[in-house]
Amino acid sequence: MPRTKPLRPLSEIIASKLQFAVDVLKNAPSMMVLETQLPWCHSQLYKKYMPRAMQDAYSCCSLYMSRNETNTPVIMSLLDARTDDLLSTPQPTTLIELLARAHALLLYQIMRLFAGDVRSHATANALFGTLESTVIDLYGNLYFPSPSESKELLPLSMDPIIEFWEWWIVQESARRTILLTFFFIQIYKVLQGNPSVHCDGKLGITSHSWYLSAQLWNAQSAFDFAVAWAEKDHFVVRDLDFTAALENAQPDDVDLFGRMLMVTLLGIDGAKAWFYSKGAIM
């Protein structure tokens, strides 16, 4: 087995595009514990039901936040045990359980890779294949909107709006999770100094799309979501093509997930310049 490489510091040019995303990833365990959300996991996703896979990952994130020089070996050992437990279970068949499995694996990977423990990297390497297969199974269960599709009017009564919002939360979380997973894999390759990393805009996925709309993503109720859907522009980003969004979106349309990908596309100075040109500070 080849020796696992330690993570390398980013060069200045690469850092201008990836450091923002790396910082978001590093903060993911803390954000999950404190806010029960991630840029790719909606704050309401697990409000009614959190599958066991995510319960365990949530507990590990909490422990990870408390690590120090003395307790880190024990905490990482517990993380390994929870990961082994997850891998010993069969692949789920329901969308929410499958999504929870993907979120748990992502969090375990993030904690391993950024814990500063090189010994954890070998285990993380072995898990990327499992993570990929999980999100590929997600792919077949999703609806991917087209940038050219017209914005449908939502029903006037609340019951179908609530049903649509709850469906949208799961779908959008899954769409973002798929994209984030393959993006994370590319970042990891760069951090390991892999010179063959190439991004075609699709990150190895056949095709993908997601909604760029902070108002939709941050809505905390079906009513707020319906108002944002009706009154605010929202943009569908397909295969990381931000052309329409860069031309027509406003700074308050761009949530943290959008900022992370926008910085990767434009570089940190380019992203700051876009926000400034629209009268805002990133």
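The values are calculated or read from the model by the stated rules, or taken from the named source; none is laboratory data. Bear in mind that the values here come from a model prediction, so they are computed numbers and not experimental data. Glycine also receives a Cβ, built like all others from the backbone with ideal geometry; neighbour counts cover every protein chain displayed.
Points to keep in mind about this one:
- If you check 108, 64 for being crowded, with 18+ Cβ neighbours inside 10 Å and within 24 Å of residue 171 (Cα to Cα), only one passes: 108.
- Note on the range 80-101: among residues that are part of a helix (DSSP H, G or I), touching a residue at least 40 places away in the same chain (Cβ under 8 Å) and in contact with a Ser or Thr (Cβ under 9 Å, 6 or more places away or on another chain), the one that is surrounded by the fewest Cβ atoms within 10 Å (Cβ to Cβ) is 87.
- Any hit, the range 172-182, residues being more than 16 Å from the chain's Cα centre (by Cα) and free of Cβ contacts under 8 Å to residues at least 60 places away in the same chain: no
- Some residue of the range 35-50 being assigned to a helix (DSSP H, G or I) and either touching a Gly at 6+ places or on another chain (Cβ under 6 Å) or modelled with pLDDT of 95 or more (or both): yes
- Scoring residue 174 on the criteria (1) assigned to a loop (DSSP other than H, G, I, E, B); (2) out of contact with any Phe, Trp or Tyr (no Cβ under 7 Å at 6 or more places or on another chain); (3) not hydroxyl-bearing (Ser, Thr, Tyr) leaves a single failure, condition (1).
- Residue ID - surrounded by the most Cβ atoms within 10 Å (Cβ to Cβ), chosen from residues in the range 226-282 that are over 17 Å from residue 145 (Cβ atoms), of a type in the set (Phe, Trp, Tyr) and in contact (Cβ under 8 Å) with a residue 24 or more places away in the chain: 274
- Qualifying residue in the range 9-29 (condition: among the charged types (D, E, K, R), at pLDDT 95 or above and over 20 Å from residue 188 (Cβ atoms)): no
- The range 125-158, residues that are in contact with a strand residue (DSSP E or B) (Cβ under 8 Å, 6 or more places away or on another chain) and modelled with pLDDT of 80 or more: 144, 145, 146, 147
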